[in-house]
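K.L.:
Supplied in structure tokens, the structure appears directly below.
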Amino acid sequence: MSGEPLRVREVHRTFGSGGTAVHALRGVSIDVAPGELVALRGRSGSGKTSLLNVIGGLDRPDAGTVHVGDLEVTTMTDADLLALRRGPVSYVFQSFGLVPVLSARENVGVPLRLRSVEPAERERRVAEALEHVGLGGHAEHRPDELSGGQQQRVGLARALVAEPGLLLADEPTGQLDSETGRDIMRLIARLAKERTMTTLVTTHDPALLAVADRVVEIADGHLVEPD
């Protein structure tokens, strides 16, 4: 799948009510073009993860709209949102999220199993995804046999195997050392261009922002683009 343009308009999200209410998102609007890698930076609690969750359909906004290509995420049913996350939209998580008892090959194949992709096609796409992230020779290794950087590469391969139009990565280098983190970000940037994949990455590490096409900042639920 080629990249899908992302359009977010006036999104609000509040948790709680009254004096204890937390306004995670306050009228956020952003566009990300196919093939563009946008880095979203901000302090912990600034609203970065809340925004990704709303965009990917893991949470619903109180107001505003989100479009991924021609799909309006904010009006989808729960079943449609599940299908969205198994196809057009993929996630990379800070915590890797791998199944410990499964090999790298089996972990990467999980999204395709959920979509009932034929075994031969599934294995072809899994092998291709592992090659893309430089782990073709580690297909049978379990997560505890891989380094942190290799585990994150498996997580990235799992996100890519569904051929998403939009990739959302939430602090994908947060558990990695600086050098490995830079390698992962460069890999994400390269794959975004190769696949014309719309990519939004949250990070608080200034050293990782250099590979992004554009940097936007979120603070107290408001989005701003630095000069």
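K.L.:
Between Gly47, Gly27, Gly57, find the one with the highest GNM mean-square fluctuation for the chain; connect C-alpha pairs within less than 10 Å.
P.N.:
Gly27
K.L.:
Given only helices, namely DSSP H runs of n ≥ 4 each adding -39500 (n - 2.57), what is the per-residue ellipticity at 222 nm of the chain, to the nearest 500 deg cm²/dmol? Can you show the working numbers first?
P.N.:
Numbers: 6 runs with 71 residues, N = 227.
Dividing the helical sum by the residues of the chain leaves -9500 deg cm²/dmol.
K.L.:
In addition: Per residue and in Å³, how big is the convex hull formed by the alpha-carbon atoms of the chain?
P.N.:
On the way: hull volume 28.4 nm³, N = 227.
Dividing the Cα hull volume of the chain by its residue count gives 125 Å³.
K.L.:
Positive end of the charge dipole of the chain (Lys, Arg +1 and Asp, Glu -1 on Cβ, about the Cα centre): tell me which of Leu81, Gly221, Leu40 has its Cα farthest that way.
P.N.:
Of the options given, the answer is Leu81.
K.L.:
Something else now. Suppose every Lys and Arg Cβ carries +1 and every Asp and Glu Cβ carries -1, with no other charges. What dipole size does segment 100-163 come out with about its Cα centre, to the nearest 20 debye?
P.N.:
Details: 9 positive and 10 negative charges, 34 e Å.
The calculated dipole for segment 100-163 is roughly 160 debye.
K.L.:
Using the Karplus curve 6.51 cos²θ - 1.76 cosθ + 1.60 with θ = phi - 60°, work out ³J(HN,Hα) for each residue of segment 208-218 in order, rounded to whole Hz, and write x for Gly and Pro.
P.N.:
After applying 6.51 cos²θ - 1.76 cosθ + 1.60, I find 9, 7, 5, 7, 6, 6, 7, 10, 10, 10, 10 Hz.
K.L.:
Give a residue-ordered list of calculated ³J(HN,Hα) values for segment 85-100 (Karplus: 6.51 cos²θ - 1.76 cosθ + 1.60, θ = phi - 60°; whole Hz; x for Gly, Pro).
P.N.:
6, 9, x, x, 10, 10, 10, 10, 9, 4, 8, 6, x, 7, 7, x
K.L.:
While we're on this one: Under a 5 Å amide H to amide H cut-off, with H placed in plane at 1.01 Å, what residues pair with Asp62 once short-range neighbours are removed?
P.N.:
His12, Arg13, Thr14
K.L.:
Moving on to the next point. Could you give each residue of segment 6-20 its phi-based ³J(HN,Hα) in whole Hz, using Karplus coefficients 6.51, -1.76, 1.60 with θ = phi - 60°, and x for Gly or Pro?
P.N.:
My calculation for segment 6-20 gives 9, 10, 10, 10, 6, 7, 10, 8, 10, 10, x, 8, x, x, 9 Hz in order.
Every number in this text was worked out from the coordinates using simple rules, so none of it is lab data. Keep in mind that this is a model prediction, so the values were computed, not measured. Positions of Cβ are backbone-derived with ideal geometry, glycine not excepted, and every protein chain shown enters the neighbour counts.
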